[in-house]
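Encoded as structure tokens, the structure appears first; notes follow it.
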Amino acid sequence: MASVQNTSHEKPLLEISGLKTVFPTDDGIVNAVNDVSFKIDRGQTVGVVGESGCGKSITGLSLLQLVPSPGRIEGGEIQFYRNGEEAPLDIAQVSPRSELMREIRGNEIAIIFQEPMTSLNPVYTIGNQIAEAIVLHEQVDKKTARERAIEMIARVGIPAPTQRVDEYPHQLSGGMRQRVMIAMALCCSPTLLIADEPTTALDVTIQAQVLGLMQELQAEMGMAIMLITHDLGVIADLADEVVVMYAGRVVEKGTVDDIFYNPLHPYTQGLLKSIPVLGRTPQKTLPSIPGTVPHPLTLPVGCSFQARCSERMPELEEVNGETENGGHAVRCWLHTF
Ligand SMILES: Nc1ncnc2c1ncn2[C@@H]1O[C@H](COP(=O)(O)OP(=O)(O)O)[C@@H](O)[C@H]1O
Ligand SMILES: [Mg+2]
């Protein structure tokens with residue numbers, strides 16, 4: 001659990017309401033993020049979970065105005081309470097290329113992605129890349145930036161930082177590279193870190209180390225974390241609140257205890273069943289939710305999860321009345337209870 005807790009009278013750090021992010025395609029408009037609302041308090045960890053394609057990454061990218069073209073935020077608000085300012089700023093209204101947005105990115109909201117190799121530049125040393133991130137946001141000279149880079153490398157648990165600072169990304173292991181990404185993201189002490197599947201590409205032992213590191217740094221620096229993952233198991237120890245997404249929508253949200261001990265949505269229940277539990281008799285295969293996420297252009301009317309739902313209501317039988325000639329019969333769920 002995150003160490004910094006908010007009291008209820010305080011304002012949240014970020015309040016997302018009715019967020020809608022769309023991609024126009026040749027076949028129609030894809031609602032990648034569809035009426036999404038949740039909030040993140042200062043210092044809190046919010047886990048955002050759901051299978052691939054549910055809109056988690058696009059939600060994260062929307063918060064930074066980094067939605068890839070031709071996608072765009074079409075509606076809703078992203079109220080961001082910046083340090084020292086009374087009134088919130090609606091990021092949904094800030095132009096992606098504006099000076100203001102550049103100031104917020106990295107400085108106040110930072111993001112790390114699943115695959116560090118695609119975010120790190122192979123031709124620069126890791127020290128240069130961390131120093132560059134520092135110089136971009138703070139008025140410091142190169143020497144100071146290098147010293148700070150070494151400090152950050154040490155802080156994320158990379159041994160021999162004075163040597164490592166001059167190494168190139170390919171000289172580091174996957175786990176070390178993800179540590180470098182965390183160092184770059186945290187070098188300007190953001191108030192929110194968006195971690196998009198930060199450990200998916202790593203093996204389990206390294207995964208646990210990197211998650212542990214994020215937790216430690218959060219306790220030290222007090223930032224909030226939005227932890228995006230397809231694996232509900234990853235957030236059990238880390239999250240305070242959990243947001244479950246399916247087909248672009250939030251289908252359930254609550255505290256980590258609500259979600260783990262009293263999941264209400266059959267989708268959440270399905271995700272929970274597919275987490276391996278240490279000590280439980282191993283099954284041949286873990287149960288997984290049958291079927292796949294529907295195509296965003298052909299979502300069913302009503303609940304998007306219906307085709308895969310174990311609790312799906314059966315086809316309506318004749319109800320409320322005599323079915324054979326006569327009586328008053330109606331075929332509608334409204335009249336079944
Ligand atoms: N560049 C794009 N062009 C068109 N549609 C996209 C693009 N990126 C994402 N989408 C749509 O948005 C949906 C959500 O994507 P994403 O947020 O990346 O899912 P997740 O991170 O949950 O796996 C996808 O299913 C896809 O339909
Ligand atoms: Mg994603």
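Summary of computed values
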{"read-out": "Among Val204, Cys187, Ile235 - extreme Cα towards positive end, dipole of the stretch 14-273, charges at beta-carbon", "value": "Cys187"}
{"read-out": "Simple Cβ-charge dipole of the stretch 195-261, Lys/Arg +1 and Asp/Glu -1, about Cα centre, in debye nearest 20", "value": "200 debye"}
{"read-out": "Close Lys-Lys pairs in the stretch 14-273, where close means Cα under 24 Å and separation is 8 or more or interchain", "value": "8"}
{"read-out": "Within the stretch 79-170, GluC sites (Glu not before Pro) in DSSP loop having at most 14 other beta-carbon neighbours inside 10 Å", "value": "Glu85, Glu86, Glu138"}
{"read-out": "Debye log10 I(q)/I(0) at q = 0.12, 0.13 Å⁻¹ for the stretch 14-273, Cα point scatterers", "value": "-0.72, -0.85"}
{"read-out": "Size of electric dipole in the chain: Cβ of Lys, Arg +1 and of Asp, Glu -1, about Cα centre, debye, nearest 20", "value": "800 debye"}
{"read-out": "Considering only the chain, percent of DSSP beta bridges that pair antiparallel, nearest 5", "value": "60 percent"}
{"read-out": "Point-to-point label distance, His335-Asn83, nm (Cα→Cβ direction, 7 Å offset)", "value": "6.4 nm"}
{"read-out": "Sum of -39500 (n - 2.57) over DSSP H runs of 4+, divided by residues of the chain (222 nm, nearest 500)", "value": "-8000 deg cm²/dmol"}
{"read-out": "Extended-chain gain in nm, criterion 0.36 nm per residue less alpha-carbon gap, Glu99 and Thr292", "value": "65.4 nm"}
{"read-out": "Gained length - Asp90 relative to Ser37, 0.36 nm times residue gap less alpha-carbon distance", "value": "17.7 nm"}
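Throughout, read-outs are computed from the coordinates displayed, never taken from laboratory work. Keep in mind that what you see is a predicted model, and the values were worked out from it rather than measured. In this analysis, Cβ positions are derived from the backbone assuming ideal geometry, glycine residues included, and neighbour counts consider all displayed protein chains.
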